[in-house]
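S.K.: One structure coming up, written as structure tokens, with questions to follow.
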Amino acid sequence: MTPWTMESLSAATRALVPELLAFLAQDGCDDVAFDAMALRLFTHQYAHNEPLRRFCQRRGLTPRRVSTWRDIPAVPINAFKETTLSCEPVQSCERVFMTSGTTRAEVKGRHHHPTIAVWDRSMQRNFAARFMRGGARMPMAILFPPETELGNSSLARYLALAVREFGTAESAWYLTSAGMNLPGLRARLREAESSGEPLAVLGASYGFVHLIDAMAQDGESVRLPAGSRLLDTGGYKRQSRELAPEDFYNEITLRLGVPRAQCINMYGMTELSSQFYDEGNTITPSIKRGPHWSRSRVVDPMTGREMPPGEEGVLTHCDLASFNSTTTILTEDVGVAVDGGFLLLGRAQGAQARGCSLAVAEFLGTA
Amino acid sequence: MSTVPSSAWKAGHLPGLRNEEVTWQTLRFDGVPGQPLEIAVPALMPEQAAALARRVRLRAREVLQTLPLSAVVERIDRAVARLLDANDPLRQQADELLPRVTGYDATMVRLGLTRHLQTFRAPQLHRFVSEDFSNPKVLDEFQPALKGGMVRAFGPGLLVHHWAGNVPGLPLWSLACGLLVKAGNIGKLPSAEPVFATVFARALAAVDPALDDCFAAVWWRGGEAEPAATLNAQADTVLAYGGQETVDQIRAQVPAATRFLAYGYKLGVALVGRVALDSQRGAAMARLAAQDVARFEQQGCYSPHVFYVERGGRMDPRDFAQHLASELAALGQRHPRPALALTDAVAVAKWRQSVEWSTSEQTLFGDEASPWAVAFSEHALPLSPTAGWRCVQVVAVDMLEAAADALAPHAPYLQTAGVAVEPERLYPLSLRLARAGITRMCALGAMTSPEAGWHHDGGFNLRDLVRIAEIEASAERAADKLAPYAQEDTP
């Protein structure tokens, strides 16, 4: 295989990328500028992404009939499994991220990135503002396998970038596909406690559960130095016991001594190219918000119509960093629109059978 | 603990326990928009459950087990008759509460309940018993066995039922089975629909107050350890209805020596032959098919999810799908689909999307605003349940026989097949369906109304509950020899 270069991409994509990078680099944007870029991307995707175009045509939508980002049809995340959503031929793309797929029966969703530069820039700008909050590099302890092990995981990429761009040389990984290095991690926590140097612990929510369970078993707890902070993401994925958010943050605070205000939850998806953060979890559910190049709505899953503020629906996101697939996706996550963002209430547990009729999830073994 | 308003309707049947001795929790239902309903359900302490189990076991032995089968049938029949009477206060409670609990259309619930109850009248109950016991008197006394000697069938002293689901009336199957084998019965009310079993228990207790403490209906939140573990530990037999996860969880609580019978979630299919697809019959078939789909919103194990429609008739499969769509649209007017909970709405939307994005070309009838959807495929598809709530898949096939054979990999999930073919094909096709794993073949339009005495999921529903005790011929002969009138030299 020849090494990837920008030159292998189409002229249309090559023209788009610098524009987009500049857009991400802005300090913010108003609705007019957002709509303009959203329409620019929709026109590009409509022209070059055939499954997306057919989806729009079934709905009678063309770029002419779209005047704001709200008019862009939200592509269900399942479509990333059913079809190839990419403007560029996939063999020309620099990276592909895949959904984790918890069972064998489940097909993985694929998100193709012609160049990873946009995804990287999106992650860095947003992470700098929302997790680092403008602070200096910190030592990081990572509770997720490294990118060298999980090359198709967007979270592995995310954490690799966090360490590379925002971590110090003392940063290290404590979870590999072989398992979790609990003794090493616990020693690292004690070391941070005695050294007084703040530590950032970042990783999968289930990694934190394994950690606090192991500490609880030995009755251990540490007080990480002031300035330490945590970032968890992704839920439990059946990898650990499941905790309500209240209990999760209480137990973490109890074991690690990091106040709930310094415990950040990141909400990200393989199907997106940007992440959402809260401002700590003193109160759960916390309010989540994306960067200036994203917008979110809460809609009725059946009709796609926006729910009134305060009413539950499913989240749709328009993420302008997703320039190659689709800017706008329909998730299966339940949310409520509130001032300053949205509350994430968890995944819609697609249909527990209420009678004795078989539900799809059980049939596929994903229940 | 939520406080229970005194006005809340109380579910459960708790012989020997006064209301004030019990902790009540409130379940909220919004089946009918604008008419929220609160139902109080009893949360027993393990000691209370244990005492209840002892009482039910004892009283079943003292009362139920001394009654002849025909007397048991007669009492069930009278309780069912009460519930078939539209003017009966208990029936009126069921009619009023069930739509508000389940969200199902009120008329559909009323008609469905009546149809269901009709299969539990005395003649049907006798037939039910005869299906499993060639001589039903074995449930009353020792009866001669063909091989020699005598046999008698005993039901479990205590039968614990874990009911599931919100298809009203489901608990009646297992409770009737338990009563017919004269077991003491304790059933766990499903949180999704605690009304019907309560109403039936009250009707039965009213018909014969002596039976009042031969059965109980209790509640706990599904998945909670207690009082489930206490009851399972006391039971002779445990019956569980539910999904694989639920069944596994219950199984883990049941002592190894206790008999455990599980009824998992299933799905139904229908096969429409070309002979049924001429211009007159085709439309009628689509109407019957739509009824099977709409009744209880495909939440029953017998409900159809996929229709295999044969090519070569006057009406081609695509036309059938279109007819089915129009019939569902018409039914939607007469019997509206309930407002969907968010999770159900997501499931329906997801199913629609999977059709829309499917790589095999499919046509989807019904837009996002329609309270139904028909997906049509010209090509064979692997069997998969739809999202229910009147979402149905129509698949065109060249030969129904091939479609039947292709079901085999899904045998553990198969139950009912609605079939519309001519007599020459019915038996060979049924044989293929049965070999593939289908356990019930019925007419279109009858899928949601199994006959009395059907073999639910292919089992002997009564026979599986009993234990046979037999007196062998040698014991009779030996006894004869020990009789005071025995003569030493008789051979």
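S.K.: Taking the condition among the basic types (Lys, Arg), buried (at least 24 other Cβ atoms within 10 Å of the Cβ) and farther than 25 Å from residue B:28 by Cβ, does residue B:188 pass? Before you say what the answer is, go through the steps one by one.
M.R.: Details: among the basic types (Lys, Arg): yes; buried (at least 24 other Cβ atoms within 10 Å of the Cβ): yes; farther than 25 Å from residue B:28 by Cβ: no.
So residue B:188 does not fit the description; no.
S.K.: Something else now. Which of (1) of a type in the set (A, V, I, L, M, F, W, C); (2) under 30 Å from residue B:228 (Cβ atoms); (3) at the interface with chain A (Cβ under 9 Å from one of its Cβ atoms) does residue B:260 not meet, given it meets every other one?
M.R.: (3)
S.K.: Is there a residue in the stretch B:136-144 that is crowded, with 22+ Cβ neighbours inside 10 Å and under 10 Å from the mean Cα position of the chain (by Cα)?
M.R.: no
S.K.: Another question about this same structure. Which members of the stretch A:48-73 meet the condition of being crowded, with 21+ Cβ neighbours inside 10 Å, within 14 Å of chain B (Cβ to nearest Cβ) and part of a loop (DSSP other than H, G, I, E, B)?
M.R.: A:49 - this is the single residue of the stretch A:48-73 that is crowded, with 21+ Cβ neighbours inside 10 Å, within 14 Å of chain B (Cβ to nearest Cβ) and part of a loop (DSSP other than H, G, I, E, B).
S.K.: Among the residues of the stretch B:107-125, is there at least one that is away from chain A (no Cβ under 14 Å), at pLDDT 95 or above, closer than 30 Å to residue B:475 by Cα and surrounded by fewer than 23 Cβ atoms within 10 Å (Cβ to Cβ)?
M.R.: Looking for residues that are away from chain A (no Cβ under 14 Å), at pLDDT 95 or above, closer than 30 Å to residue B:475 by Cα and surrounded by fewer than 23 Cβ atoms within 10 Å (Cβ to Cβ), one finds none in the stretch B:107-125, hence no.
S.K.: If you don't mind, another one. Give me a count of the residues in the stretch A:19-30 that are surrounded by 11 or more Cβ atoms within 10 Å (Cβ to Cβ) and either in a helix (DSSP H, G or I) or touching a Ser or Thr at 6+ places or on another chain (Cβ under 9 Å) (or both). Please lay out each step first, then the result.
M.R.: Just the residues of the stretch A:19-30 that are surrounded by 11 or more Cβ atoms within 10 Å (Cβ to Cβ), to begin with: A:19-21, A:23-24, A:26, A:29.
With the extra rule that they be either in a helix (DSSP H, G or I) or touching a Ser or Thr at 6+ places or on another chain (Cβ under 9 Å) (or both), the set shrinks to A:19-21, A:23-24.
Adding up the residues that qualify gives 5.
S.K.: Also: Look through B:158, B:172 and report the one residue that is at pLDDT below 95, of a type in the set (A, V, I, L, M) and under 24 Å from the mean Cα position of the chain (by Cα).
M.R.: Numbers: B:158 fails: at pLDDT below 95.
Within the list B:158, B:172, the selection yields B:172.
S.K.: Mind telling me which of the residues B:293, B:247 ends up being within 20 Å of the chain's Cα centre (by Cα), within 11 Å of chain A (Cβ to nearest Cβ), assigned to a helix (DSSP H, G or I) and among the hydrophobic types (A, V, I, L, M, F, W, C)?
M.R.: B:247
S.K.: Looking at residue A:323 and the list (1) part of a strand (DSSP E or B); (2) more than 14 Å from chain B (Cβ to nearest Cβ), which single condition is not satisfied?
M.R.: (1)
One line per residue, one yes/no per condition, for (1) surrounded by fewer than 22 Cβ atoms within 10 Å (Cβ to Cβ); (2) part of a helix (DSSP H, G or I):
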position: B:419; (1), (2): no, no
position: B:441; (1), (2): yes, no
position: B:451; (1), (2): yes, no
position: B:464; (1), (2): yes, yes
position: B:468; (1), (2): yes, no
position: B:485; (1), (2): yes, no
position: B:488; (1), (2): yes, no
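S.K.: Next up: If you go through the stretch A:141-152 one residue at a time, do you hit one that is of a type in the set (Phe, Trp, Tyr) and in a helix (DSSP H, G or I)? Give the derivation first.
M.R.: To start, the set of residues in the stretch A:141-152 that are of a type in the set (Phe, Trp, Tyr) comprises A:144.
Restricting the remaining residues to those that are in a helix (DSSP H, G or I) gives none.
No, the conditions are met nowhere in the stretch A:141-152.
S.K.: Determine whether the stretch B:226-244 contains at least one residue that is touching a residue at least 12 places away in the same chain (Cβ under 8 Å), closer than 25 Å to residue B:100 by Cβ, away from chain A (no Cβ under 14 Å) and not in a loop (DSSP other than H, G, I, E, B).
M.R.: No, that holds for no residue.
S.K.: Could you check residue A:47 against (1) within 24 Å of residue A:124 (Cβ to Cβ); (2) modelled with pLDDT of 95 or more; (3) among the aliphatic types (A, V, I, L, M) and say which number it fails?
M.R.: It is condition (1) that residue A:47 fails.
S.K.: Output the number of the condition that residue B:20 fails; it satisfies all remaining conditions of (1) at pLDDT 95 or above; (2) surrounded by fewer than 16 Cβ atoms within 10 Å (Cβ to Cβ); (3) assigned to a helix (DSSP H, G or I).
M.R.: (1)
S.K.: Now a separate question. For the stretch B:56-172, give me every one of the helices (runs of 4 or more DSSP H) that falls completely inside it and has 3 or more residues that are among the β-branched types (Val, Ile, Thr).
M.R.: On the way: elements: B:69-84, B:89-102, B:106-118, B:122-132.
Because the criterion is at least 3 residues that are among the β-branched types (Val, Ile, Thr), the helices (runs of 4 or more DSSP H) in the stretch B:56-172 that meet it are B:69-84, B:106-118.
S.K.: Also, I was wondering about something else. Does at least one position in the stretch A:33-47 carry a residue that is part of a loop (DSSP other than H, G, I, E, B), in contact (Cβ under 8 Å) with a residue 24 or more places away in the chain and touching a Leu at 6+ places or on another chain (Cβ under 7 Å)? Before you say what the answer is, go through the steps one by one.
M.R.: Within the stretch A:33-47, the first condition is being part of a loop (DSSP other than H, G, I, E, B), and the residues that meet it are none.
No, because not a single residue in the stretch A:33-47 is part of a loop (DSSP other than H, G, I, E, B), in contact (Cβ under 8 Å) with a residue 24 or more places away in the chain and touching a Leu at 6+ places or on another chain (Cβ under 7 Å).
S.K.: Give the residue that is nearest to the chain's Cα centre (by Cα), with candidates limited to residues of the stretch B:298-337 that are within 14 Å of chain A (Cβ to nearest Cβ) and in a strand (DSSP E or B).
M.R.: B:304
S.K.: Here is a follow-up. Restricting to the stretch B:338-348, give me the number of residues that are in contact (Cβ under 8 Å) with a residue 12 or more places away in the chain and within 8 Å of another protein chain (Cβ to nearest Cβ). Show your work before the answer.
M.R.: The initial filter retains those residues of the stretch B:338-348 that are in contact (Cβ under 8 Å) with a residue 12 or more places away in the chain, namely B:338-340, B:344, B:347-348.
When the remaining residues are screened for being within 8 Å of another protein chain (Cβ to nearest Cβ), the result is B:340, B:344, B:347-348.
Matching residues across the stretch B:338-348 total 4.
S.K.: Could I ask something else about it? Taking the condition under 23 Å from residue B:113 (Cβ atoms) and buried (at least 17 other Cβ atoms within 10 Å of the Cβ), does residue B:11 pass? Can you show your working first?
M.R.: Values: under 23 Å from residue B:113 (Cβ atoms): yes; buried (at least 17 other Cβ atoms within 10 Å of the Cβ): yes.
Considered against the rule, which asks whether it is under 23 Å from residue B:113 (Cβ atoms) and buried (at least 17 other Cβ atoms within 10 Å of the Cβ), residue B:11 comes out as yes.
The values are calculated or read from the model by the stated rules, or taken from the named source; none is laboratory data. Keep in mind it's a predicted model, so treat the numbers as computed, not measured. For neighbour counting, all protein chains shown are included, and Cβ atoms are generated from backbone atoms with ideal geometry for every residue, glycine included.
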